[in-house]
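Bear in mind that the values in this text are calculations on the coordinates, not laboratory data. Please read these numbers as outputs of a predicted model, since none were measured by experiment. As a convention, Cβ positions derive from the backbone with ideal geometry for all residues, glycine included, and neighbour counts pool all protein chains shown.
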Ligand code: UD1
Ligand code: CA
């Protein structure tokens with residue numbers, strides 16, 4: 001028997017009041033829908049993932065690619081109608097389907113696994129996941145009969161004042177037997193205040209058919225949060241941030257002011273790392289043991305080596321090897337690969353370049369499209385001139401090269417080992433091994449120039 005997941009992500013997200021389709025909104029730089037798909041995968045209980053797309057479906061399809069199957073809902077006629085669109089893909093009538101709203105990013109693999117198991121073990125025809133909220137407004141309310149069994153789900157809009165006082169809500173997560181699901185869906189109507197086909201109406205239909213409907217009460221209610229507007233998005237992000245940070249702190253990562261620190265879901269941080277305030281580490285970044293990151297630092301899709309100190313800096317798609325210091329105010333981007341024991345200091349930008357060991361660019365330098373060896377010293381203001389307005393060119397710098405202050409290396413150019421570039425030089429030619437290169441105008445001093453210009457002699461000046 002096949003085990004399906006159907007994720008509903010066709011809605012516009014009217015309450016977001018912005019352009020992006022709701023399920024594409026990011027929490028910590030990753031779209032909500034991507035968390036749901038990832039957590040379903042990690043739970044290992046489901047075989048096939050179907051995502052119902054509609055409004056701006058290309059945005060959702062761009063995020064998930066061909067990792068899932070798609071059903072298209074051209075008109076958004078309600079959650080029941082959305083599930084109906086997946087009918088042709090749910091081919092095994094004897095299987096079960098878990099339905100998940102695409103705006104429920106905090107539901108994790110543990111909940112998915114537990115709900116699925118409970119549904120099968122208790123032999124339910126349908127399982128509805130509920131939870132209790134201090135403020136249930138906006139959610140569908142769980143109506144129980146005198147014996148405590150689920151009687152109906154009433155949407156907030158349709159609920160009487162008495163029903164609105166109920167604090168047990170429908171999380172929007174269900175598991176249903178396939179043949180019962182699609183049969184019940186074919187019988188729902190849109191006779192309600194929103195003129196939509198509500199998925200929740202199948203509860204009443206199945207109940208009247210005498211089917212076994214069970215509920216699963218989720219204790220950690222925050223995991224059921226539905227993100228309908230930008231405020232809810234910020235609350236969900238804060239919850240996720242806290243959960244991720246706690247996990248890292250318990251693993252030996254020290255965080256100063258953790259509420260200002262944002263760590264992505266897929267980041268790996270080893271023990272003995274210290275993270276200082278206002279720091280963002282996202283994407284598939286890895287921080288090795290003993291590193292000190294922050295304050296005010298952004299690291300994305302990068303690997304930071306052991307004992308690296310990285311302060312007040314930006315590091316994107318780059319690698320920094322062990323014992324190197326980065327910053328304050330450095331910018332590493334697009335494939336910078338900084339060797340061990342380097343120093344990349346204030347206002348230094350490195351792009352698509354690599355360095356060997358013990359290389360230093362302590363202040364005000366631009367290193368772009370360059371391959372640099374070990375023990376290279378970039379003086380203050382040294383620049384690889386890699387762009388002529390049309391094309392980018394490569395710079396090669398060997399080992400033990402000293403580049404003086406305010407040097408321009410006009411690429412393509414090769415500076416061989418053990419060479420010395422005099423400060424203020426603008427080099428257009430390669431420098432052979434062991435050479436001194438000076439490419440600057442000779443200095444001319446014109447004695448008494450200023451006094452002559454002002455029409456005064458030296459003795460006049462003294463008598464003044
Ligand atoms: C829904 C439930 C409500 C529950 C709440 C939990 C219904 C009728 N109501 O309400 O009982 O408490 O979730 O968060 O199901 N979607 C489509 N196509 C559509 C309409 C919606 O794909 O035609 C998708 C949306 O993109 C969204 C999900 O379904 O991801 C839920 O829709 P939404 O409008 O957010 O439902 P709620 O009003 O929150
Ligand atoms: Ca919702």
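Regarding region 140-154, can at least one residue be identified that is within 17 Å of residue 226 (Cα to Cα) and surrounded by fewer than 17 Cβ atoms within 10 Å (Cβ to Cβ)? Scanning region 140-154, I find no residue that is within 17 Å of residue 226 (Cα to Cα) and surrounded by fewer than 17 Cβ atoms within 10 Å (Cβ to Cβ), so the answer is no. Screening the candidates 102, 95 for the property of being within 15 Å of ligand 2 (Cβ to nearest atom) and in contact (Cβ under 8 Å) with a residue 60 or more places away in the chain yields one hit, 102. Could you tell me whether residue 337 is surrounded by fewer than 20 Cβ atoms within 10 Å (Cβ to Cβ) and within 37 Å of the chain's Cα centre (by Cα)? Against the criterion (surrounded by fewer than 20 Cβ atoms within 10 Å (Cβ to Cβ) and within 37 Å of the chain's Cα centre (by Cα)), residue 337 qualifies.
Summed over region 185-205, residues that are in contact with a helix residue (DSSP H, G or I) (Cβ under 7 Å, 6 or more places away or on another chain) and touching a residue at least 24 places away in the same chain (Cβ under 8 Å) total 10. How many of the residues in region 209-233 are within 13 Å of ligand 1 (Cβ to nearest atom) and without any contact (Cβ under 8 Å) to a residue 40 or more places away in the chain? Summing the residues that are within 13 Å of ligand 1 (Cβ to nearest atom) and without any contact (Cβ under 8 Å) to a residue 40 or more places away in the chain in region 209-233 gives 1. Filtering 33, 50 for residues that are surrounded by 17 or more Cβ atoms within 10 Å (Cβ to Cβ), over 20 Å from the mean Cα position of the chain (by Cα) and within 14 Å of ligand 1 (Cβ to nearest atom) leaves a single hit, 50.
Residues are listed down the side, and each one gets a yes or a no for (1) out of contact with any strand residue (DSSP E or B) (no Cβ under 8 Å at 6 or more places or on another chain); (2) within 16 Å of ligand 2 (Cβ to nearest atom); (3) in a helix (DSSP H, G or I):
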residue: 151; (1), (2), (3): no, no, no
residue: 196; (1), (2), (3): yes, yes, no
residue: 204; (1), (2), (3): no, no, yes
residue: 241; (1), (2), (3): no, no, yes
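Okay, residues lined up against (1) farther than 24 Å from residue 254 by Cβ; (2) within 22 Å of the chain's Cα centre (by Cα); (3) in a strand (DSSP E or B):
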position: 281; (1), (2), (3): no, yes, yes
position: 315; (1), (2), (3): no, yes, yes
position: 328; (1), (2), (3): no, no, no
position: 349; (1), (2), (3): yes, no, yes
position: 363; (1), (2), (3): yes, no, yes
position: 366; (1), (2), (3): yes, no, yes
position: 384; (1), (2), (3): yes, no, yes
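For region 76-94, filtered to residues that are in contact with a strand residue (DSSP E or B) (Cβ under 6 Å, 6 or more places away or on another chain) and in a loop (DSSP other than H, G, I, E, B), the residue that is surrounded by the most Cβ atoms within 10 Å (Cβ to Cβ) is 86. Take the residues in region 127-139 that are touching a strand residue (DSSP E or B) at 6+ places or on another chain (Cβ under 9 Å) and more than 28 Å from residue 12 (Cβ to Cβ); name whichever of them is farthest from ligand 1 (Cβ to nearest atom). Per the stated criteria, the residue is 127. Among the listed residues 73, 61, identify the single one that is within 20 Å of residue 202 (Cβ to Cβ), within 16 Å of ligand 1 (Cβ to nearest atom) and touching a strand residue (DSSP E or B) at 6+ places or on another chain (Cβ under 8 Å). Result of the check over 73, 61: 73.
Could you go through region 105-126 and let me know if any residue there is closer than 20 Å to residue 224 by Cβ, in a loop (DSSP other than H, G, I, E, B) and near ligand 1 (Cβ under 10 Å from one of its atoms). No, region 105-126 contains no residue that is closer than 20 Å to residue 224 by Cβ, in a loop (DSSP other than H, G, I, E, B) and near ligand 1 (Cβ under 10 Å from one of its atoms).
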